[in-house]
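Notes for the one structure printed next.
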Amino acid sequence: MTAANYRTAGPAEDSSTREAHDFRGKTSFIIMPYGRSGERGPDGLKDERTHFDDVYEFICETVEALRIKPLRSDRTPEAVPIHSKMLTDIIDADLAIVDITDRNPNVFYELGVRHTARRNSTLLIGHGDTLPPFNLSGIRVISYDLGTPESREASRQKLHDAIIANLSSRVTDSLVHSLLPGLNLSRPQQPLRQVREAIEVTFSPPARPNMSTGRGAAPAPRSFTLGVIKGDLIDVDIVDVWVNPESTRMEMARIHDDSVSAFIRYHGAKKDLQGNVTRDKVYDELRKTVGTSNVEAGWVIVTGPGDLASVNVRALFHVAAQHGEPCSGYRTIKTYTSVIANALEKMDELNDKWWRRWRILGISRPLTSIVFPLLGTRAQELDAIEVTVGLVREARKYLTLWPDTQIKSVYFLAYTKRDLELCEAAFQRLGMPLPTST
């Protein structure tokens, strides 16, 4: 494990206390002509390559001022085929800025991929009075002029404002998705194929004189761990409580589904020598506890770990993180951050009432660590980075407000490369940069 130290300046901050427009952790893919040396550019003075290199620097200046990382397919240090990297970045980038000057065919090909893959966060720019072709008519083109320092600054401000408006509103700007609402094109996630590793930061809530915690006298100052566990859930053997995201019906997924719920159900079951389930331990206990009733959004139901006790799991917290409609699928609950506080409160409740912990789980020592999946980050209607920031902030807030808790460590699971990127961005934005993993 690796660790870093961090001390909070006070209770977890509200988003309003951050820099007004801090898009740290987001990426912007820049789609543009590269230009050919020796040919005049759109300004009639610089050759094409010099002109578009200047445009690229202009875009980079603008997005980096908002703490967005610019990407361009011909400027990647990674040893991968350029087309593979290009298509990956077009689909995954939080923002795409597309220069349609000269109506370059490669640019329009990449724009078509972007408009098919993402329903929003694509901006068109063009030099001077550049107009879009007929099929893109009706889409705003942000004009730029880099001829003088004054016109460059005016263009920068125009693009700056458009980026903020675009990333803040998430309004559909793709003609494809406007005409085919509900279209969902996603790239398969890339699991982190490595030995389990935990990367952590520690923080100490500040002393608060005359603080009444509701659980006795004000405690002595102490430190907590917030962290990320990289890799597959089955390799996590250092955590007391696993959180299982369920719907309000608490039905659990089928064992062959690709989900945390299915994983917990299968690995918590008793199996024969051929791997077939002979006793559905976790599912049976959950159904016995809940019955046929629904539970409220954000609610937590506790069961034993079943055969997951073999990897040191002492309790499973099944949280109502989604609600569904017949024949329409499931959606993340609006109060998804409440799941964090409710689960941590449930841990404290069991720890305070040790007899209840013994009756439900059959263990005597307190529950001190918990791991959450990144709830809601795969929902199309939500911004994944903002969701992750909200989850981490809520965990820190709880530990700050209840420093006498017996909880010591709160982790988030990064099963894929994208999960890890989200966690790194969230911790960075909250002023708790994760150390470089080994």
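Can you name the residue in the stretch 164-211 that is surrounded by fewer than 12 Cβ atoms within 10 Å (Cβ to Cβ) and not in a loop (DSSP other than H, G, I, E, B) and is also modelled with the lowest pLDDT among such residues?
169
Give all pairs with beta carbons closer than 6 Å in which a residue from the stretch 27-51 that is surrounded by fewer than 16 Cβ atoms within 10 Å (Cβ to Cβ) meets a residue that is assigned to a strand (DSSP E or B) and at pLDDT below 85; count only pairs at least 6 apart in sequence or on separate chains.
37/47; 38/47; 39/47
Among the residues in the stretch 393-411, are any surrounded by 23 or more Cβ atoms within 10 Å (Cβ to Cβ), of a type in the set (Gly, Ala, Ser) and either free of Cβ contacts under 8 Å to residues at least 24 places away in the same chain or in a helix (DSSP H, G or I) (or both)?
Yes - at least one qualifying residue is present in the stretch 393-411.
I'm told residue 28 meets every condition in (1) in a helix (DSSP H, G or I); (2) modelled with pLDDT of 75 or more except one. Can you identify the failing condition by its number?
Exception for residue 28: condition (1).
Looking only at the stretch 235-261, count how many residues are more than 23 Å from residue 396 (Cβ to Cβ) and either of a type in the set (Phe, Trp, Tyr) or under 21 Å from the mean Cα position of the chain (by Cα) (or both). Step through it out loud before you land on a result.
The first filter runs over the stretch 235-261 and keeps only residues more than 23 Å from residue 396 (Cβ to Cβ), leaving 235, 237, 246-259, 261.
Imposing the further condition that a residue be either of a type in the set (Phe, Trp, Tyr) or under 21 Å from the mean Cα position of the chain (by Cα) (or both) reduces the set to 246-247, 258-259, 261.
Number satisfying all stated conditions: 5.
Would you confirm, using the coordinates I've provided, whether residue 277 is out of contact with any Gly (no Cβ under 7 Å at 6 or more places or on another chain) and either under 29 Å from residue 417 (Cα atoms) or touching a residue at least 40 places away in the same chain (Cβ under 8 Å) (or both)? Quick ask: steps written out before the conclusion?
On the way: out of contact with any Gly (no Cβ under 7 Å at 6 or more places or on another chain): yes; either under 29 Å from residue 417 (Cα atoms) or touching a residue at least 40 places away in the same chain (Cβ under 8 Å) (or both): no.
For residue 277, the condition - out of contact with any Gly (no Cβ under 7 Å at 6 or more places or on another chain) and either under 29 Å from residue 417 (Cα atoms) or touching a residue at least 40 places away in the same chain (Cβ under 8 Å) (or both) - is not met.
Against the definition (at pLDDT below 80, more than 16 Å from residue 167 (Cα to Cα), under 31 Å from the mean Cα position of the chain (by Cα) and not aliphatic (A, V, I, L, M)), how does residue 75 come out, yes or no?
Details: at pLDDT below 80: yes; more than 16 Å from residue 167 (Cα to Cα): yes; under 31 Å from the mean Cα position of the chain (by Cα): yes; not aliphatic (A, V, I, L, M): yes.
Against the criterion (at pLDDT below 80, more than 16 Å from residue 167 (Cα to Cα), under 31 Å from the mean Cα position of the chain (by Cα) and not aliphatic (A, V, I, L, M)), residue 75 qualifies.
Do we find that residue 374 is in a helix (DSSP H, G or I), of a type outside the set (Asp, Glu) and either over 26 Å from the mean Cα position of the chain (by Cα) or at pLDDT 90 or above (or both) in this structure? Step through it out loud before you land on a result.
Numbers: in a helix (DSSP H, G or I): no; of a type outside the set (Asp, Glu): yes; either over 26 Å from the mean Cα position of the chain (by Cα) or at pLDDT 90 or above (or both): yes.
Answer is no for this residue.
Among the strands (runs of 3 or more DSSP E) lying completely within the stretch 292-332, list those that include at least 3 residues that are surrounded by fewer than 18 Cβ atoms within 10 Å (Cβ to Cβ).
Values: elements: 300-303, 315-325, 329-332.
Ranges flagged: 315-325, 329-332.
Of the residues that make up the stretch 338-355, is at least one in contact (Cβ under 8 Å) with a residue 40 or more places away in the chain, assigned by TED's automatic domain parsing to the domain that holds residue 387 and not in a helix (DSSP H, G or I)?
Taking the stretch 338-355 and keeping what is in contact (Cβ under 8 Å) with a residue 40 or more places away in the chain, we get 338-348, 350-352.
Checking which are assigned by TED's automatic domain parsing to the domain that holds residue 387 leaves us with 338-348, 350-352.
Now narrow it down to the ones that are not in a helix (DSSP H, G or I): none.
The answer is no; no qualifying residue exists.
Within the bounds of the stretch 111-121, is there any residue that is touching a residue at least 40 places away in the same chain (Cβ under 8 Å), touching a strand residue (DSSP E or B) at 6+ places or on another chain (Cβ under 8 Å), hydroxyl-bearing (Ser, Thr, Tyr) and farther than 22 Å from residue 25 by Cβ?
No; the residues of the stretch 111-121 include none that is touching a residue at least 40 places away in the same chain (Cβ under 8 Å), touching a strand residue (DSSP E or B) at 6+ places or on another chain (Cβ under 8 Å), hydroxyl-bearing (Ser, Thr, Tyr) and farther than 22 Å from residue 25 by Cβ.
Please note which strands (runs of 3 or more DSSP E) are completely contained in the stretch 95-148 and include at least 1 residues that are surrounded by 21 or more Cβ atoms within 10 Å (Cβ to Cβ) and small (Gly, Ala, Ser). Break it down stepwise before answering.
Details: elements: 95-99, 122-127, 141-144.
Correct list: 95-99.
Would you mention how many residues in the stretch 251-295 are closer than 23 Å to residue 191 by Cα and of a type outside the set (A, V, I, L, M)?
Going through the stretch 251-295, the residues closer than 23 Å to residue 191 by Cα turn out to be 252-268.
With the extra rule that they be of a type outside the set (A, V, I, L, M), the set shrinks to 254, 256-259, 261, 263, 265-268.
Total satisfying the criteria: 11.
Testing residue 90 on (1) in contact (Cβ under 8 Å) with a residue 12 or more places away in the chain; (2) farther than 23 Å from residue 48 by Cα; (3) surrounded by fewer than 19 Cβ atoms within 10 Å (Cβ to Cβ), one condition comes back false. Which one is that?
For residue 90, the exception is condition (3).
Go through the residues of the stretch 292-303 one by one and say whether even a single one is under 23 Å from residue 423 (Cβ atoms), of a type outside the set (S, T, N, Q) and touching a Lys or Arg at 6+ places or on another chain (Cβ under 7 Å).
Let us first name the residues in the stretch 292-303 that are under 23 Å from residue 423 (Cβ atoms), namely 298, 300.
So of that shortlist, the ones also of a type outside the set (S, T, N, Q) come out as 298, 300.
Filter again for touching a Lys or Arg at 6+ places or on another chain (Cβ under 7 Å), leaving 300.
Yes: one or more hits.
Residue 407 - would you say it is touching a Gly at 6+ places or on another chain (Cβ under 6 Å) and among the β-branched types (Val, Ile, Thr)?
Values: touching a Gly at 6+ places or on another chain (Cβ under 6 Å): no; among the β-branched types (Val, Ile, Thr): yes.
No: the conditions fail for residue 407.
The values are calculated or read from the model by the stated rules, or taken from the named source; none is laboratory data. Being a predicted model, the structure only gives us computed values, none of them experimental. Because the Cβ atoms are built from the backbone with ideal geometry, glycine has one as well, and the counts that use them run over all protein chains shown.
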